[in-house]
Number of protein chains: 2
Amino acid sequence: MSRVHNFSAGPAALPTEVLQRAQAELLDWQGRGISVMEISHRSKEFIAVAEQAEADLRELLAVPSHYRVLFLQGGATQQFAQVPLNLLEDGGQADYIDTGIWSRKAINEAARYGKVHVAASSKACDYHSILKQNDWQLSKNAAYLHYCSNETIGGLQFDWIPDSGEVPLVADMSSDILSRELDVSRFGLIYAGAQKNIGPAGLALVIIREDLLGRARHACPTLLNYQIAADNGSMYNTPPTFSWYLAGLVFDWLKQQGGLSAMQQRNHAKKDLLYQAIDNSAFYHNAVESSARSWMNVPFHLADKRLDQAFLQGAEERGLLGLKGHRAAGGMRASLYNAVSLEAVQALVDWMDEFERGHSQ
Amino acid sequence: MSRVHNFSAGPAALPTEVLQRAQAELLDWQGRGISVMEISHRSKEFIAVAEQAEADLRELLAVPSHYRVLFLQGGATQQFAQVPLNLLEDGGQADYIDTGIWSRKAINEAARYGKVHVAASSKACDYHSILKQNDWQLSKNAAYLHYCSNETIGGLQFDWIPDSGEVPLVADMSSDILSRELDVSRFGLIYAGAQKNIGPAGLALVIIREDLLGRARHACPTLLNYQIAADNGSMYNTPPTFSWYLAGLVFDWLKQQGGLSAMQQRNHAKKDLLYQAIDNSAFYHNAVESSARSWMNVPFHLADKRLDQAFLQGAEERGLLGLKGHRAAGGMRASLYNAVSLEAVQALVDWMDEFERGHSQ
């Protein structure tokens, strides 16, 4: 078999080298005659895996020492509730920025637990650009300011970090964490579902500044209490050990690739290649304002949507998978996560060119 | 390498055949050139995997059609909160049976959400037996009756199903589900963390009678609402796809083994072999009353605990892993889940005999 080019939005492509290593040791891990899936999370062998994964992640993101890293479950969607359950007092207010479907999901869930003030919305421009911070209406006593750094469906990404002053900044980075360099010290809390740039679905990462621990409201389930998770090394109960192990292999792979500065260069080249192909053609179209275009998720439409099916079928025949747009957006979407190579993007651009020439007469 | 005998309490042994199949197709699933981890949970290919897993589980347990099967995250510990958040009204009361550490964890978490009435406790007999139902003090208007069918740490298991009358019966079956035949129709809700008899850690199974859906209180996070999970086929957000796939392989393996009647026979023979070895010796001891002894988790102590370390070391040298008792109990514990063979138990019994002879002079 040959591995195909996988542009899926998530669960998404994993590095082939990571899967090869997992495969090689799936039944006989560390020569122990068992799988890493079959060993106690409290064994010294697994604890070593867990600690190494955290150490590598801290190194990659240069996480300051007064931040805790948590390996949780439930994906980003659980964080939509977990953030207000932990950081929003009964009757308190939080500021949210609306840039698309995922930030609105976070807004709707938080509204179940307190007052949500939408300080800025991209609705007026049909979610094709992000308002400058000067135009945001931040409230004075917000418990936190929440935004989604990359909207996976709309293909909208912040290329800057909001300035929240003394208010803790909370970011859903599910689909762009680890894709480029990041100043973690600007944030109160960062969360991310794993199934894009971290590992398999079923793992969620939280990076939280220590002073934000210990604020959970009474109704917060024990398992969702950040303080409890931090006090127990993310092992208050049995963690998703195989996913944690795989995330560790991905972190190790990222270090071997040269870390986040190398990934940033590579991802920059990948997105340039694809957006240029789109912009140099009247056949393909992406409506997002240039500075807000996502490096990770590139939605685009064919001029004639009756050709969508033929485009997708030809792509699949060429080993280009996962290009169908989200059901809420239609058209196409190419996700360019870390495990997607420049060669994969070149193959996509070649197919786009070939398809356009075949349908432009 | 040769696979060892793994008596770990969880994450626990998985069937070798299951791991071999997962290994073979880890990079190239269904000849598609991608891993099952790398495909969208909403793709028709993964939906087919998910549906087949549910169908096989329903067949194994003969789940009646008015029950829904949910594939969730967070393990049983999340269910400790999720059950009252969904089934207990504000100010309502639920009955709980206390048979050990895991039922007490469920009790403590439920007490955060309403009145918990402990209708029976094994505390008076130091958790070495289970009170007969005649001696339980059930309340009249309980929202539900909760018990833990098998206490993984204490090694205490119900060999009968409580009669809760009109009150929904809720069971934590994390460590004995699928180990023998079961009449699901006696229950309102069954839940189980996966990492014993189902699959890898990070997946939780819920089987719920349909009339119990739609009762979640307002404070329940959307992701923890059974109704939302049921309405969305357990895909309100991205599920742990690889764990779900592996659980499906385990269910398929169980069917090939002859289903739950065959597992019940095999597990009966395994526990008989081990308990007889313990009871026929003054060197090993298990204090649990005969009818309440767990088939799945067999804790035992050496007469002289100064020999514990030597016993464990010799066991490891013979490829017998995971025998150290839980830190709360000390001594030894052999977990005899479905993937542990009779040959493994025989090897353990042989070592127990050899060790006793070597230390009885």
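Under the condition of being within 18 Å of A:Gln82 (Cβ to Cβ) and either outside the structural domain of B:Glu59 (by TED's automatic domain parsing) or part of a helix (DSSP H, G or I) (or both), the residues counted in segment B:225-259 number 2. The single residue among B:Leu260, B:Leu273, B:Leu246 that is in contact with a Lys or Arg (Cβ under 8 Å, 6 or more places away or on another chain) and either at pLDDT 95 or above or among the hydrophobic types (A, V, I, L, M, F, W, C) (or both) turns out to be B:Leu260. A:Val49 passes every criterion in (1) over 28 Å from B:Gln79 (Cα atoms); (2) β-branched (Val, Ile, Thr); (3) more than 11 Å from every other protein chain (Cβ to nearest Cβ) apart from (1). Looking across segment B:187-220, the residues that are under 18 Å from the mean Cα position of the chain (by Cα) and not hydrophobic (A, V, I, L, M, F, W, C) come down to B:Gly188, B:Tyr191, B:Gly193, B:Gln195, B:Lys196, B:Asn197, B:Gly199, B:Pro200, B:Gly202.
Taking segment A:34-84 as the range and being among the β-branched types (Val, Ile, Thr) and more than 28 Å from B:Ser8 (Cβ to Cβ) as the test, the residues that pass are A:Val63, A:Thr77, A:Val83. Whether a residue is within 14 Å of chain B (Cβ to nearest Cβ) and farther than 25 Å from B:Arg112 by Cα was assessed, and A:Ile198 passes this test.
Output the residue which, of all residues in segment B:287-340 that are away from chain A (no Cβ under 14 Å) and among the polar types (S, T, N, Q), is nearest to A:Glu38 (Cα to Cα). That would be B:Gln313. Of the residues making up segment B:109-146, those that are within 14 Å of chain A (Cβ to nearest Cβ) and either of a type in the set (Val, Ile, Thr) or touching a His at 6+ places or on another chain (Cβ under 8 Å) (or both) are B:Ala110, B:Arg112. Regarding A:Ser103, is this residue buried (at least 21 other Cβ atoms within 10 Å of the Cβ) and either of a type in the set (Ser, Thr, Tyr) or in the same structural domain as A:Ala143 (by TED's automatic domain parsing) (or both)? So A:Ser103 passes the test. Taking (1) more than 7 Å from chain A (Cβ to nearest Cβ); (2) buried (at least 21 other Cβ atoms within 10 Å of the Cβ); (3) more than 28 Å from the chain's Cα centre (by Cα) in turn, B:Ser43 satisfies each apart from (2). Report, by residue number, each residue of segment A:91-108 that is outside any strand (DSSP E or B) and either β-branched (Val, Ile, Thr) or more than 18 Å from B:Pro239 (Cβ to Cβ) (or both). Within segment A:91-108, A:Gly91, A:Gly92, A:Thr99, A:Gly100, A:Ile101, A:Ser103, A:Arg104, A:Ala106, A:Ile107, A:Asn108 meet the criteria. All told, B:Val63 meets the bar of being in a loop (DSSP other than H, G, I, E, B), of a type outside the set (Ser, Thr, Tyr) and closer than 21 Å to B:Asp252 by Cβ. The residue pairs whose first member lies in segment A:231-251 and is more than 7 Å from chain B (Cβ to nearest Cβ) and under 11 Å from A:Leu70 (Cβ atoms), whose second member is charged (D, E, K, R) and outside any helix (DSSP H, G or I), and whose beta carbons are closer than 9 Å, counting only pairs six or more residues apart or on different chains, are A:Met235/A:Arg42.
Once segment A:66-83 is narrowed to residues that are facing chain B (nearest Cβ under 10 Å) and part of a helix (DSSP H, G or I), the residue that is surrounded by the most Cβ atoms within 10 Å (Cβ to Cβ) is A:Gln79. Collect the residues in segment A:28-38 that are without any contact (Cβ under 8 Å) to a residue 12 or more places away in the chain and out of contact with any Leu (no Cβ under 9 Å at 6 or more places or on another chain), keeping them in residue-number order. Correct list: A:Asp28, A:Trp29, A:Gly31. Of the residues A:Ala62, A:Ala94, which single one is surrounded by 23 or more Cβ atoms within 10 Å (Cβ to Cβ) and away from every other protein chain (no Cβ under 14 Å)? The conditions single out A:Ala94.
Just so you know, in segment B:21-38 the residues that are more than 7 Å from chain A (Cβ to nearest Cβ) and in a helix (DSSP H, G or I) include one that is surrounded by the most Cβ atoms within 10 Å (Cβ to Cβ), and it is B:Val36.
Among the residues examined, B:Ser2 does not qualify as more than 7 Å from chain A (Cβ to nearest Cβ), surrounded by fewer than 24 Cβ atoms within 10 Å (Cβ to Cβ) and assigned to a loop (DSSP other than H, G, I, E, B). Residues that are within 11 Å of chain A (Cβ to nearest Cβ), at pLDDT below 95 and either under 25 Å from the mean Cα position of the chain (by Cα) or closer than 18 Å to B:Asp176 by Cα (or both) occur at least once in segment B:6-14.
Out of A:Ala334, A:Ala310, A:Ala329, A:Ala344, one residue alone is in contact with a strand residue (DSSP E or B) (Cβ under 6 Å, 6 or more places away or on another chain) and in a helix (DSSP H, G or I). It is A:Ala344. Only one entry in B:Gly33, B:Gly10 is in the same structural domain as B:Met235 (by TED's automatic domain parsing) and at positive phi, namely B:Gly33. Scanning segment B:260-293 for residues that are assigned to a helix (DSSP H, G or I) and touching a helix residue (DSSP H, G or I) at 6+ places or on another chain (Cβ under 7 Å), we see that the one that is surrounded by the fewest Cβ atoms within 10 Å (Cβ to Cβ) is B:Ala269.
One line per residue, one yes/no per condition, for (1) in the same structural domain as A:Cys148 (by TED's automatic domain parsing); (2) part of a loop (DSSP other than H, G, I, E, B); (3) in contact (Cβ under 8 Å) with a residue 24 or more places away in the chain:
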position	(1), (2), (3)
A:Ser40	yes, yes, no
A:Phe46	yes, no, yes
A:Val49	yes, no, yes
A:Ala53	yes, no, yes
A:Asp56	yes, no, yes
A:Leu85	yes, no, yes
A:Glu89	yes, yes, yes
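The one condition from (1) away from every other protein chain (no Cβ under 14 Å); (2) touching a Lys or Arg at 6+ places or on another chain (Cβ under 8 Å) that A:Ser175 does not meet is (1). Taking residues in segment A:160-187 that are assigned by TED's automatic domain parsing to the domain that holds A:Tyr67, and partners anywhere that are β-branched (Val, Ile, Thr) and assigned to a loop (DSSP other than H, G, I, E, B), the pairs with Cβ atoms closer than 6 Å and at least 6 places apart or on different chains are A:Ser175/A:Thr152; A:Val184/A:Val63; A:Arg186/A:Ile161. You will find that of A:Ala192, A:Ala204, A:Ala219, the residue that is in contact with an Asp or Glu (Cβ under 9 Å, 6 or more places away or on another chain) and under 19 Å from A:Asp252 (Cα atoms) is A:Ala192 and no other.
The values are calculated or read from the model by the stated rules, or taken from the named source; none is laboratory data. This is a predicted model, so every value here is computed, not measured. Don't worry about glycine lacking a Cβ; one is built from the backbone with ideal geometry, like all the others, and counts go over all protein chains shown.
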